[in-house]
Amino acid sequence: MMKEVEFIEKEFEAMKKQLSEERNERLILKQENEKLRAKCRENESKIEELHMRLVQCEQYSRRSNVQIKGLVKAENEDVTDLVSKLGAAIGEPTSADDIEVCHRVPTREEGKSNVVVQLKSSRNGMSSSRRREKTA
């Protein structure tokens, strides 16, 4: 009977030790989990901030862009020349030197595509008056 009691005591002590180790491990994991959650919240905040900065940068980069809609596409056209002529027709002279890049972008309407013009300076007359609708 004494051997059985000793055996049970040893088993009980082993179980207590294992339970204590499991509790310590659980506590450590809980602390690590909290640290990771805090880091995750910090990263989410940084991502949101970077997203907002990206949107601002994209908007800033478009400040000197003008979009011209409804121009029928002609074969072998020079879009830069077309934009210069259109600018002169609406009273906003624009030379090829004022244009950084100019190209057509596709639309859903067949035979028509919009023209996007990026001007070298946002102080250009066409850029500063772009909000007003003008027709030639």
Exclusive hit being touching a residue at least 12 places away in the same chain (Cβ under 8 Å) and touching a Pro at 6+ places or on another chain (Cβ under 9 Å), set G70, G87:
G87
Can E58 be described as within 30 Å of D98 (Cβ to Cβ) and of a type in the set (D, E)?
yes
Quick one: which of C40, C102 is outside the structural domain of L119 (by TED's automatic domain parsing) and either surrounded by 10 or more Cβ atoms within 10 Å (Cβ to Cβ) or touching an Asp or Glu at 6+ places or on another chain (Cβ under 8 Å) (or both)?
C40
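Report yes if some residue within segment 46-66 is assigned to a strand (DSSP E or B), at pLDDT below 95 and out of contact with any Cys (no Cβ under 6 Å at 6 or more places or on another chain); otherwise report no. Outline the logic, then answer.
Step one: list which residues in segment 46-66 are assigned to a strand (DSSP E or B), which gives 65-66.
Now narrow it down to the ones that are at pLDDT below 95: 65-66.
Right, trim to out of contact with any Cys (no Cβ under 6 Å at 6 or more places or on another chain) and you get 65-66.
Among the residues of segment 46-66, at least one is assigned to a strand (DSSP E or B), at pLDDT below 95 and out of contact with any Cys (no Cβ under 6 Å at 6 or more places or on another chain), which makes the answer yes.
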Would you check which residues across segment 103-117 are part of a strand (DSSP E or B) and either farther than 17 Å from G87 by Cβ or not polar (S, T, N, Q) (or both) and list them?
H103, R104, V105, P106, K112, S113, V115, V116, V117
Just name the residue that is nearest to the chain's Cα centre (by Cα) out of those in segment 73-84 that are closer than 19 Å to S121 by Cα and without any contact (Cβ under 8 Å) to a residue 24 or more places away in the chain.
T80
Would you check if there is a residue in segment 60-68 being surrounded by 10 or more Cβ atoms within 10 Å (Cβ to Cβ), aromatic (F, W, Y) and more than 31 Å from the chain's Cα centre (by Cα)?
no
Out of the residues in segment 114-136 that are within 19 Å of A74 (Cβ to Cβ) and modelled with pLDDT of 85 or more, state the one that is surrounded by the fewest Cβ atoms within 10 Å (Cβ to Cβ).
N114
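The values are calculated or read from the model by the stated rules, or taken from the named source; none is laboratory data. In this text, all values refer to a predicted model and were calculated from it rather than measured experimentally. Every residue, glycine as well, gets a Cβ built from its backbone with ideal geometry; the counts of neighbours run over all protein chains shown.
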